[in-house]
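*Asks:* My structure is below; once you've seen it, I'll send some questions.
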Amino acid sequence: TTLYGGQEYELVAAQFKATGSDITVKKVAVTIVHGDLDNPSEADAFPWQAFTSLALYDGSTKLAEIVPSQTNAIENTFAQSYTFNISGLNWVIPNNTTKVLTVKGTTVINPVSTAADDHNWTITIEADQLVYTDTAGVNYSSATGSDVSRLNLKLSSTQKATATVSLATDNPKSSNVIVS
């Protein structure tokens with residue numbers, strides 16, 4: 001999938017189900033990786049060179065939004081893998097109900113060449129870094145299940161616009177035209 005500059009995209013989505021009681025999600029961790037983690041020589045771009053914002057959505061409802069930057073990132077591998085904790089949520093999932101959490105990202109208009117090169121971007125919702133409470137107020141910091149990732153995202157500059165002009169045979173009607 002190619003992500004063009006200056007547009008918002010659904011990057012990854014995960015399904016959550018509360019069992020036993022209602023849960024209130026407080027924090028979600030999103031990891032962004034550029035290139036292949038097994039090849040550190042590909043470490044050459046930062047998430048803030050690719051995305052101007054990351055947002056969490058429950059359907060069409062925006063739950064939270066952050067601006068990725070060096071100050072709010074946890075560096076896993078320099079210039080390659082960063083985790084962003086999106087906290088302050090009060091996203092309630094009722095008992096025995098399933099909800100979908102979508103991570104949307106807005107791409108920078110004209111990314112630097114290292115962010116838009118041949119290396120892929122991977123976006124992951126981390127299952128082991130989810131923080132939530134149940135109705136008894138007990139805090140949890142891990143969910144059952146596994147991480148949810150979207151792989152092979154490519155970043156490109158703003159998509160070039162084109163315009164086509166053609167003759168409309170029914171308009172204008174035949175008549176004299178004055179042109180200056």
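The values are calculated or read from the model by the stated rules, or taken from the named source; none is laboratory data. Bear in mind the structure is a predicted one, so any value in this text is a computation, not a measurement. Methodologically, a virtual Cβ is constructed for each residue, glycine included, from the backbone with ideal geometry; neighbour enumeration extends over all protein chains shown. Keep in mind that these areas ignore ligands, DNA and RNA; they rest on the heavy atoms of the full protein, side chains included. Shrake-Rupley method; radii C 1.70, N 1.55, O 1.52, S 1.80 Å.
*Asks:* In the range 1-30, how many residues are of a type in the set (S, T, N, Q) and closer than 16 Å to Thr107 by Cα?
*Replies:* Adding up the residues that qualify gives 3.
*Asks:* Based on this model, can you work out whether Asp170 counts as open to solvent by 50 Å² or more (accessible area, probe 1.4 Å), under 21 Å from Ala43 (Cα atoms) and either at pLDDT below 85 or of a type in the set (Val, Ile, Thr) (or both)?
*Replies:* Spelling it out, it is not the case that Asp170 is open to solvent by 50 Å² or more (accessible area, probe 1.4 Å), under 21 Å from Ala43 (Cα atoms) and either at pLDDT below 85 or of a type in the set (Val, Ile, Thr) (or both).
*Asks:* Same structure, new question: Quick one: is Asp147 open to solvent by 20 Å² or more (accessible area, probe 1.4 Å), more than 19 Å from Val12 (Cα to Cα) and of a type in the set (Asp, Glu)?
*Replies:* no
*Asks:* Give me the pairs: first residue in the range 152-180 and at positive phi, second residue at pLDDT 70 or above, beta-carbon distance under 6 Å, and six or more apart or on different chains, which are they?
*Replies:* Pairs that qualify, where the first residue is at positive phi and the partner is at pLDDT 70 or above, are Asn152/Asn120.
*Asks:* Looking at Leu89, Leu63, which one is buried (at least 17 other Cβ atoms within 10 Å of the Cβ) and over 15 Å from the mean Cα position of the chain (by Cα)?
*Replies:* Answer to the selection: Leu89.
*Asks:* Just the residues that are in a strand (DSSP E or B) and either without any contact (Cβ under 8 Å) to a residue 40 or more places away in the chain or among the charged types (D, E, K, R) (or both), please, taken from the range 27-48.
*Replies:* Matches in the range 27-48: Lys27 only.
*Asks:* So, in the range 9-26, of the ones that are in a strand (DSSP E or B) and open to solvent by 40 Å² or more (accessible area, probe 1.4 Å), which residue ends up farthest from Ser149 (Cα to Cα)?
*Replies:* Top of the filtered list is Lys26.
*Asks:* Can you tell me which residue in the range 95-112 is modelled with the highest pLDDT, limited to those that are open to solvent by 60 Å² or more (accessible area, probe 1.4 Å) and within 22 Å of Val67 (Cβ to Cβ)?
*Replies:* Ile109
*Asks:* Looking only at the range 128-142, how many residues end up being more than 16 Å from Ile93 (Cα to Cα) and out of contact with any strand residue (DSSP E or B) (no Cβ under 6 Å at 6 or more places or on another chain)?
*Replies:* Total satisfying the criteria: 1.
Residues checked against (1) of a type in the set (A, V, I, L, M, F, W, C); (2) open to solvent by 70 Å² or more (accessible area, probe 1.4 Å); (3) without any contact (Cβ under 8 Å) to a residue 40 or more places away in the chain:
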| site | (1), (2), (3) |
| --- | --- |
| Ala50 | yes, no, no |
| Ala55 | yes, no, no |
| Ala73 | yes, no, yes |
| His119 | no, no, no |
| Asp134 | no, no, no |
